[in-house]
Amino acid sequence: MYSISNAVIRPMEHGEIGCAQEWAISEGWNPGPCDSFVFETADPGSLLTLELRGNLAGAISAVRFSPRFGHLGFFVVAPSYRRSAHAWHLLQAGFERLGDRTIG
């Protein structure tokens, strides 16, 4: 868990992915309906969420596929929090989770 002013970045809990998928769909993305299951199976805790004042405000996937390779994606933030320091910290938390892996 990673904490910044009024916000917490933490692993997503079961059932929270729906909110992030709705944001992605509203932006014209086509998230795979099983992607979150695959990511969580490959690397539990790979889906991170930004929680601000008790509400979901963003999500990112940071999947460690091996000691040398990871994948960063599904970076979506609620419209009202885009271009904020909170969005930046969420992105950085994804990078930190992957460490020195090659990132795809």
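The values are calculated or read from the model by the stated rules, or taken from the named source; none is laboratory data. Keep in mind that this is a model prediction, so the values were computed, not measured. Positions of Cβ are generated from backbone atoms using ideal geometry, with glycine treated the same way; all protein chains shown enter the neighbour counts. Note: accessible area is taken over every heavy atom of the protein model, side chains too, but ligands, DNA and RNA are not part of it. Shrake-Rupley method; radii C 1.70, N 1.55, O 1.52, S 1.80 Å.
Here are a few things to note about the model shown:
- Residue 3 fulfils the conditions (1) at pLDDT 85 or above; (2) in a strand (DSSP E or B) except for a single criterion, (1).
- As a summary of the residue check, residue 17 satisfies the conditions (1) open to solvent by 30 Å² or more (accessible area, probe 1.4 Å); (2) over 11 Å from the mean Cα position of the chain (by Cα); (3) closer than 16 Å to residue 77 by Cα except for the one numbered (2).
- Selection over the stretch 37-69 of residues that are open to solvent by 40 Å² or more (accessible area, probe 1.4 Å), of a type in the set (A, V, I, L, M) and under 18 Å from residue 87 (Cβ atoms) gives a count of 1.
- For the stretch 40-58, a residue qualifies if it is under 11 Å from the mean Cα position of the chain (by Cα) and within 18 Å of residue 72 (Cβ to Cβ), and the qualifying residues are 45, 46, 47, 48, 49, 50, 58.
- Tally of residues being farther than 20 Å from residue 40 by Cα and surrounded by 19 or more Cβ atoms within 10 Å (Cβ to Cβ) across the stretch 90-103: 0
- Any hit, the stretch 25-32, residues being open to solvent by less than 70 Å² (accessible area, probe 1.4 Å) and in contact with a Ser or Thr (Cβ under 9 Å, 6 or more places away or on another chain): no
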